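Encoded as structure tokens, the structure appears first; notes follow it.
The values are calculated or read from the model by the stated rules, or taken from the named source; none is laboratory data. Fair warning: this is a prediction, and the values are worked out from it, not measured in the lab. Cβ placement follows ideal geometry from the backbone for every residue including glycine, while neighbour counts extend to all protein chains displayed. Ligands, DNA and RNA are excluded from the accessible area calculation, which covers all protein heavy atoms including side chains. Shrake-Rupley method; radii C 1.70, N 1.55, O 1.52, S 1.80 Å.
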Amino acid sequence: MKNEAASVRDKQWALETQVAANWFWWRAAITVGAMFALIGAVQVLVVHGYRRNATPPKLWFGIMITVALVCAALGARRTGALEVGVSALAYLPGAWLTVVTLQAVLGEVAPRDPGFMDEAVTVLAVIAACAAGSMGHLTVWRTPYRR
């Protein structure tokens, strides 16, 4: 769309087309970010529901595998690696927002933290970006050229 807008003499149409092309990036980032925030919230609820603040064994490993599979599917649907990687950082606010909400509702019984170190979210962002980028390149490479 940007190339098309650059080659047209109608300035108003070109501007509207460029704005629309830029909006696709933001729409994908917001949608995927909401998905990651939801996964973070679900993790806090699972940890809180599982023997009161005792983290289930291999939970973080399962989260990493789930993120890799979901992001590979997003990459196959042509969602960019940058959008997915940046959106994965929404995992941390989603988890902490759930902790704060549970503390407001449940009081002393609520969890004190989300059940993982805050720095671990960078690992999720790297996994997400790599999985989406790899699958995106693989699907482009495997798609036959059509005239």
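Taken as a whole, the condition of being in contact with a Pro (Cβ under 8 Å, 6 or more places away or on another chain) and surrounded by 13 or more Cβ atoms within 10 Å (Cβ to Cβ) applies to Leu102. Scanning region 48-80 for residues that are among the basic types (Lys, Arg) and in contact (Cβ under 8 Å) with a residue 24 or more places away in the chain, we see that the one that is farthest from Ala128 (Cα to Cα) is Arg52.
Restricting region 36-69 to residues that are of a type in the set (A, V, I, L, M) and in contact with a Phe, Trp or Tyr (Cβ under 9 Å, 6 or more places away or on another chain), which is farthest from Val100 (Cα to Cα)? The selected residue is Val67.
Met135: in a loop (DSSP other than H, G, I, E, B), aliphatic (A, V, I, L, M) and open to solvent by 30 Å² or more (accessible area, probe 1.4 Å), yes or no? In short, no. Every listed requirement among (1) within 14 Å of Leu45 (Cα to Cα); (2) in a helix (DSSP H, G or I); (3) touching a Phe, Trp or Tyr at 6+ places or on another chain (Cβ under 8 Å) is met by Thr98 save one, (3). In region 1-16, the residue that is farthest from Phe116 (Cα to Cα) out of those that are modelled with pLDDT under 70 and of a type in the set (S, T, N, Q) is Ser7.
For (1) within 19 Å of Gly94 (Cβ to Cβ); (2) modelled with pLDDT of 85 or more; (3) surrounded by 14 or more Cβ atoms within 10 Å (Cβ to Cβ), each residue gets a yes or a no:
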{"site": "Ala28", "(1), (2), (3)": "yes, no, yes"}
{"site": "Ala34", "(1), (2), (3)": "yes, yes, no"}
{"site": "Val47", "(1), (2), (3)": "yes, no, yes"}
{"site": "Arg52", "(1), (2), (3)": "no, no, no"}
{"site": "Val70", "(1), (2), (3)": "yes, yes, yes"}
{"site": "Arg77", "(1), (2), (3)": "no, no, no"}
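Listed by first and then second residue, the pairs linking a residue in region 81-108 that is polar (S, T, N, Q) to a residue that is part of a helix (DSSP H, G or I), with Cβ atoms under 6 Å apart and 6 or more places separating them unless they lie on different chains, are Ser87/Ala29; Ser87/Val32; Ser87/Gly33; Ser87/Phe36; Thr98/Ala41; Thr98/Val44.
All conditions but one from (1) open to solvent by 70 Å² or more (accessible area, probe 1.4 Å); (2) of a type in the set (Phe, Trp, Tyr); (3) at pLDDT below 90 apply to Phe116; the one that does not is (1). May I ask you to list the residues in region 81-95 that are over 15 Å from Ala131 (Cα atoms) and either outside any helix (DSSP H, G or I) or among the hydroxyl-bearing types (Ser, Thr, Tyr) (or both)? Matches in region 81-95: Tyr91 only.
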